[in-house]
Amino acid sequence: MKVGIVGLPRSGKTTVFSALTGQQPDPTLPPGRTTLGTVRVRDARLEALHKLYPPAKLIFAEVVFADVAAAPGRKGLDRASLTAMRDFDAFAQVLRGFPDETGAPPDPSRELADLEAELVLADLDVVERKLPRLQKGEKPGFPAEKELLTRLREHLDANRPLRLAGLSAAEARNLSGYAFLSQKPLLAVLNVPEAAVRDPAPPALVAAAEERQVRVLVLSGEVERQIAELDEESARDFLRDLGLAESASQRFIAAAYGLMDLISFFTVGDDEVRAWTIRRGTEAAAAAGKIHTDLEEGFIRAEVIRCEDLLALGSEAKCREAGKLRLEGKTYVVQDGDVLHIRHSK
């Protein structure tokens, strides 16, 4: 999963990116170039499972965050940045929650609307360039595609993002090649000063986000930067002094998972204990393909144990004896926290 951290100039997006990933983007990068940072998804369930399989290697799931270099002096996003953003699975838009250099108060609701308008215009440009080419020749499948794009053009003309277009799952899959920006899930990240880190998001922003089917997360990029520089014990003390239960980085990752409707399943053994990320609703054969393509192609069945059952009973053998191990076929929908062993013919 790749989440693009975006935002209008002076919103603090690069500070947030650096705090989350420990990576500092090169300020001389040309517009559209991205800096990537990988963050482990800490999961207490996986860490508990690891204790049952010493000395297996512990491998967490990962999220890749990306910061896109913008053209200096622009108030909005340049074309190179918009093009780079099409490669992301979702966006986290950093909104300014502090006065700017002139002392002007923040207006995060306006920033949310301004960026959305840019994404909508970029998608409208794609649709308006594609439709004339479809109208030149009627090949199999073109009428349906033309009809769908015509409907999307009307939606975009009304300045509404495609995530609100009511697309069916099949329509969304058919449009995946376009990489429409306003169709991608969006998380609004309000970047506030340290003194406001425990305050709720302003009601106006909450209302604007709900209207757009966008989730809101409040954090302080400066606080997160300080936490990232501390050891684990000092970080816990710092958070306690601020009245916070956990750093925003883990809440950020949890929000990103929810945004993409992602879940984790686990594989365990003497060599490694590992988390794998899939979309909710993924069937067992496709989940096996995340581990290795051969497992999907040669899939026979999956041995499934619930994570909590394995932790409670202490071994796979005891789970089998207690009837907590199930055999499932390729169409079984994998659940969050399933421990899988894949039986295969290859």
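The values are calculated or read from the model by the stated rules, or taken from the named source; none is laboratory data. Here the structure is a predicted model, which means the values were calculated and not measured. Here the Cβ is made from the backbone with ideal geometry for all residues, glycine too, and neighbour counts use every protein chain on show.
Tabulated data for the structure shown
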| quantity | calculated |
| --- | --- |
| Residues (modelled with pLDDT of 85 or more, at negative phi and not basic (Lys, Arg)) located in segment 8-19 | Ser11, Thr14, Thr15, Val16, Phe17, Ser18 |
| Helices (runs of 4 or more DSSP H) within segment 267-335 that include 3 or more residues without any contact (Cβ under 8 Å) to a residue 24 or more places away in the chain | 284-291, 307-313, 316-321 |
| So Arg45, is it touching a strand residue (DSSP E or B) at 6+ places or on another chain (Cβ under 7 Å) and either among the polar types (S, T, N, Q) or touching a residue at least 12 places away in the same chain (Cβ under 8 Å) (or both) | no |
| Residue list for segment 63-97, filter: over 23 Å from Ser176 (Cα atoms) and touching a residue at least 12 places away in the same chain (Cβ under 8 Å) | Ala69, Ala70, Ala71, Arg74, Lys75, Gly76, Val94, Leu95, Arg96, Gly97 |
| Members of segment 263-302 found to be closer than 14 Å to Lys330 by Cβ and aromatic (Phe, Trp, Tyr), listed by number | Phe299 |
| Of all residues in segment 207-230 being in a helix (DSSP H, G or I) and touching a strand residue (DSSP E or B) at 6+ places or on another chain (Cβ under 6 Å), the one that is nearest to Leu162 (Cα to Cα) | Ala209 |
| Segment 94-117, residues that are surrounded by fewer than 18 Cβ atoms within 10 Å (Cβ to Cβ) and among the charged types (D, E, K, R) | Asp100, Glu101, Asp107, Arg110, Asp114 |
